[in-house]
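The values are calculated or read from the model by the stated rules, or taken from the named source; none is laboratory data. Predicted model, so just to flag it, every value in this text is computed and none were measured. Glycine gets a Cβ as well: all are built from the backbone with ideal geometry, and neighbour counts include every protein chain shown. Each accessible area value is taken on the protein alone, full model and side chains, heavy atoms only, with ligands, DNA and RNA left out. Shrake-Rupley method; radii C 1.70, N 1.55, O 1.52, S 1.80 Å.
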Amino acid sequence: MTSGAPLDGAAGTTPIPVGDAANPEIAPVTAPVPSQQLGGGAPDTSFPRAGRKQLGYRTADVDQFLLQARRTYEGDPSLTTPVTSQEVRRTAFPVHRRGYSARFVDAAMDRLEEVFFERERRERIREIGEDAWWADTQQLLSEVKGRLQRDRGRRFRRRGLLTTGYRISEVDAFLDRITAMFEGNETVSSMDVRSAVFHSQWRGYDEDQVDALLDSVVVLLLATR
C-alpha cells in the first residue's frame, strides 16, 4: 500500500496514557508504545537488524521519523510540521542491507499510529462533539461499503492503455477479506491493511483510489476498536 488521498513487537514498551480525565465520556485507555519512539534523548536504535544478507529499513530514516514523532508527542513548539496518524500510516522507509528489521519497525509504527489517532480523535470530539464524530464515522463506513459492493473488476477506475496500476485480481481478493471482516466472518488488523502489497499490471486499478480506500479502512478500524 502506497500513499493516497482521502476517499474520492519491538521489545521495551512504555505505557502512554491516551484517555481524557477531563472528558469522562471518552474512556481512558493505555496504549503500549515502544520506548525508543517517545522517550527522552536521541532515538534508541534498539530495533533488531535484518539478517546478514537481508534488506531492512534504513536506520537513519527510521530514527529521524521517530525523533519527529517524539517531538510532536511532547508538543515541541519549534516543530513546524507535526506528525499525524495519517503520516505514520503512509510513511514508507527506504531499504538497505542490514537495516532495521521491517517486522519490528512495522509493529512499532502500528502502535504509534494508534497513539496519535487517539489523541486526534479526542481533539476532534472536543471540537464537534461525540455524536457528530460518530456520524462522520458512520458516513465514512457507508462510503467504504458502497465501494466494496461494486462488482469485482469494477471497484476502481482503470489506468490508461499504456500505464500500469495495481493488479486487479489481488486488490479484489484483499477487498473481499475486508468485506468479510465487516460481516464478522474475517479478522483483518490495521497492520494487515497498512502492509498490503499489490503487484502491477497494465491497465490495473488506479493506485491513488485503492490507497484512499485502504486508508479509510484503517481509520474505521482505529475508530471502532
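Given the residues Phe198, Phe182, which is the only one that is surrounded by 13 or more Cβ atoms within 10 Å (Cβ to Cβ), of a type in the set (Phe, Trp, Tyr) and within 24 Å of Thr224 (Cα to Cα)? Give the steps one after another, and end with the answer.
On the way: Phe198 fails: within 24 Å of Thr224 (Cα to Cα).
Exactly one of Phe198, Phe182 is surrounded by 13 or more Cβ atoms within 10 Å (Cβ to Cβ), of a type in the set (Phe, Trp, Tyr) and within 24 Å of Thr224 (Cα to Cα), namely Phe182.
Quick one: which of Ala60, Ala22, Ala10, Ala31 is open to solvent by 30 Å² or more (accessible area, probe 1.4 Å) and at pLDDT below 50?
Ala22
To keep it simple, each residue is scored yes or no on (1) open to solvent by 10 Å² or more (accessible area, probe 1.4 Å); (2) touching a Phe, Trp or Tyr at 6+ places or on another chain (Cβ under 6 Å); (3) at pLDDT 95 or above.
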site: Glu113; (1), (2), (3): no, no, no
site: Gly160; (1), (2), (3): yes, no, no
site: Tyr166; (1), (2), (3): yes, yes, yes
site: Met191; (1), (2), (3): yes, no, no
site: Ala212; (1), (2), (3): no, no, no
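Kindly list the number of the only condition in (1) over 29 Å from Leu220 (Cβ atoms); (2) modelled with pLDDT of 90 or more; (3) assigned to a loop (DSSP other than H, G, I, E, B) that fails for Val83.
Exception for Val83: condition (1).
Specify which of the listed residues (Phe117, Phe93, Phe104) is over 30 Å from Ala135 (Cβ atoms), open to solvent by less than 30 Å² (accessible area, probe 1.4 Å), at pLDDT 90 or above and among the hydrophobic types (A, V, I, L, M, F, W, C). Break it down into steps so the answer makes sense when it comes.
Details: Phe117 fails: over 30 Å from Ala135 (Cβ atoms); Phe104 fails: open to solvent by less than 30 Å² (accessible area, probe 1.4 Å).
Result: Phe93 is the single residue among Phe117, Phe93, Phe104 that is over 30 Å from Ala135 (Cβ atoms), open to solvent by less than 30 Å² (accessible area, probe 1.4 Å), at pLDDT 90 or above and among the hydrophobic types (A, V, I, L, M, F, W, C).
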